[in-house]
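One structure is given below, encoded as structure tokens.
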Amino acid sequence: MHDLAPQRRSATLLATVRHLETASVDDALDVLEVLITSKLLNRAVKEGNEDKLRALPDLKAAAKKMAGLALLLEPVNKRSCF
């Protein structure tokens with residue numbers, strides 16, 4: 001840089017600053033994209049888990065009905081096996 005003429009040195013420094021500015025904006029946008037994506041994915045996972053938890057009472061009721069039916073059908077099944 002010391003060997004360059006003053007105008008050439010200024011132009012080189014300006015070009016370097018512009019390049020670094022562009023690169024830093026690109027990097028900041030990449031980080032923002034990762035943050036937004038991870039936030040959206042976390043929200044989707046959370047909502048999916050909440051849906052599963054909301055379905056548990058329905059599953060519990062269905063399991064009770066199936067258990068009751070199994071108890072009713074058990075004697076019939078034992079008689080047909082002999």
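Nothing in this text is a laboratory measurement; each read-out follows from the coordinates by a stated rule. As the structure is a prediction and not an experimental result, all values here were calculated from the model. Quick reminder, even Gly has a Cβ in these numbers, built from the backbone with ideal geometry, and neighbours come from all protein chains shown.
Observations on the structure shown:
- Dividing the helix sum by the residues of the chain, where each DSSP H run of 4 or more adds -39500 (n - 2.57), gives a mean residue ellipticity at 222 nm of -35500 deg cm²/dmol.
- With R₀ fixed at 22 Å, the C-beta to C-beta distance from residue 62 to residue 39 puts the FRET efficiency at about 0.05.
- Positive-end residue, the chain charge dipole about Cα centroid, Cβ charges, pick of 17, 31, 2: 31
- A simple count of charges around residue 12, restricted to other residues whose Cβ falls under 14 Å of its Cβ and scoring Lys, Arg +1 and Asp, Glu -1, yields +2.
- Overall Cα dimensions of the chain, principal axis frame, Å, largest first: 106, 26, 11
- Per-residue Karplus couplings for segment 43-60, computed as 6.51 cos²θ - 1.76 cosθ + 1.60 with θ equal to phi - 60°, are listed in order as 5, 5, 5, 4, 5, x, 5, 5, 4, 5, 5, 5, 7, 4, x, 5, 5, 4 Hz, Gly and Pro entered as x.
- Rounded to the nearest 20 debye, dipole of the chain from Cβ charges on Lys, Arg, Asp, Glu: 760
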